[in-house]
Amino acid sequence: MRVLGIETSCDETAAAVVTEGGDVLSDVVRSQVALHAPYGGVVPEVAARDHARAVVPVVREALSRAGVAAADLDGVAVTSRPGLAGALLVGLQAAKGLAWAAGKPLVGVDHLVGHLLAVFLRRGGAPAQEERPSFPYVALLASGGHTAIYRVDGPSLGAIRELGATRDDAAGEAFDKVAKLLGLGYPGGPVVDRLAATGDPAAASEAVPAVMARKESLEFSFSGIKSAVARHVARRGRPEGQALHDLCAAFQGAVVDALVQKTVRAARVEGVERVVLAGGVAANRGLRARMAAACERRGLALFVPPFASCTDNGAMIAYAGALRLAAGERDALDLAPETRTALPRVTRKGGGAR
Ligand code: KG4
Ligand code: ZN
């Protein structure tokens, strides 16, 4: 089976052709980062308009790199939720038009399910069996828009359960906001990651409180640590040189500690031996290193997809869609965008005891 996947939920216009075995035949990602950078974050209307400009060329490129025509496809998968309504609408309209014109089935995919299954993608014929987990696994999904821990018992919506999520900012959003405060540009994660590598977290520990909540909680909160950095900068001005590296290291260390401790705790509570990382923040070197060490200590097997599979891409959407198609599922041409995920959520946004 060869399935085209289209992703326009946020600030990447992406399309890919993937088999139901997860082989990536093409994967085209066109980032809008430069467009949004002057605003320090994604501007929804700007995103939707740029998707409208880019979606047809990106889809053409994905088909051509895979060497398939629309007529050769077995279906068209598209992110239908969650995301920015106007942005989702562009991908949906493109997918519907193509599915209708080529007479192919259409399936909507929940973007979060795409991220959670991205670990199964095989790129460039990588030898892969041992790099792919079996079910069940516990997955940490940390991106600019979402941060939550899931138990994944299978690929369908009903087999995926949220165990805990952030009460406020997503982890990537915290990186982006702190980078903005420090004048480091957008997106902030990669820059903070780089500076943190040569910083001493202990040297800036008074600026950054620990973000740990109740011991047994699987929920996150990152807004307090962001505010602490803001207060520090308001008092002392923007740090420079080594002090900047130290502050980045302390901030990143606090975020990574929370992500690692709660993910490992979730695996223990669920009695699951496999841990998967997903989302753009999984690119963070501090997170990768500390998660690897923590899993090793507890005898957990850790699966970290390559960077291209962690950040937003069309391949994960095509793959999740291929599994839906293989299960005989279809969506009608009136499929509508939804801003929220279809996965049941256990964490309520906002304050209160954690
Ligand atoms: O998954 P993604 O590409 O897009 C969505 O948000 O869905 O994730 C982007 C987020 C941004 O907030 C970015 O700052 C963060 O992932 N990020 C990182 C790193 N690379 C990207 N955060 C920390 N360390 C990194 N190396
Ligand atoms: Zn995403």
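Here is how the numbers come out for the structure above:
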{"read-out": "Residue under evaluation ARG194, criteria (1) open to solvent by less than 40 Å² (accessible area, probe 1.4 Å); (2) within 13 Å of ligand 1 (Cβ to nearest atom); (3) of a type in the set (D, E, K, R), criterion not met", "value": "(1)"}
{"read-out": "Flag for VAL256 being of a type outside the set (Gly, Ala, Ser), under 17 Å from ALA148 (Cβ atoms) and within 14 Å of ligand 1 (Cβ to nearest atom)", "value": "yes"}
{"read-out": "Test: residue in segment 39-53 that is basic (Lys, Arg) and either assigned to a strand (DSSP E or B) or closer than 16 Å to ASP331 by Cα (or both)", "value": "no"}
{"read-out": "Residues within segment 100-117 that are more than 17 Å from LEU323 (Cα to Cα) and either in contact (Cβ under 8 Å) with a residue 12 or more places away in the chain or within 12 Å of ligand 2 (Cβ to nearest atom) (or both), tallied", "value": "3"}
{"read-out": "Wholly within segment 67-158, strands (runs of 3 or more DSSP E) carrying at least 2 residues that are away from ligand 1 (no atom under 16 Å from the Cβ) and over 19 Å from ASP312 (Cα atoms)", "value": "137-142, 147-152"}
{"read-out": "Contacts under 7 angstrom Cβ, first residue in segment 19-48 being closer than 23 Å to LEU63 by Cβ, partner open to solvent by 60 Å² or more (accessible area, probe 1.4 Å) and assigned to a loop (DSSP other than H, G, I, E, B), 6 or more apart", "value": "THR19/MET1; GLU20/MET1"}
{"read-out": "Residue identified as surrounded by 18 or more Cβ atoms within 10 Å (Cβ to Cβ), part of a strand (DSSP E or B), touching a residue at least 12 places away in the same chain (Cβ under 8 Å) and of a type in the set (A, V, I, L, M, F, W, C) among VAL256, VAL276, VAL264", "value": "VAL276"}
{"read-out": "Selected residue (only one of PRO57, PRO44 is more than 20 Å from THR311 (Cα to Cα) and open to solvent by 60 Å² or more (accessible area, probe 1.4 Å))", "value": "PRO57"}
{"read-out": "Residue match in segment 305-326 (condition: within 16 Å of ligand 1 (Cβ to nearest atom), crowded, with 16+ Cβ neighbours inside 10 Å and farther than 28 Å from ASP23 by Cβ)", "value": "no"}
{"read-out": "Members of segment 285-310 found to be over 12 Å from the mean Cα position of the chain (by Cα), within 30 Å of VAL29 (Cα to Cα) and either among the acidic types (Asp, Glu) or in a loop (DSSP other than H, G, I, E, B) (or both), listed by number", "value": "VAL304, PRO306"}
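The values are calculated or read from the model by the stated rules, or taken from the named source; none is laboratory data. This is a predicted model, so every value here is computed, not measured. Here Cβ is always computed from backbone atoms with ideal geometry, including for glycine, and neighbour counts include all displayed protein chains. SASA here: full protein model, heavy atoms, side chains in, ligands and nucleic acids out. Shrake-Rupley method; radii C 1.70, N 1.55, O 1.52, S 1.80 Å.
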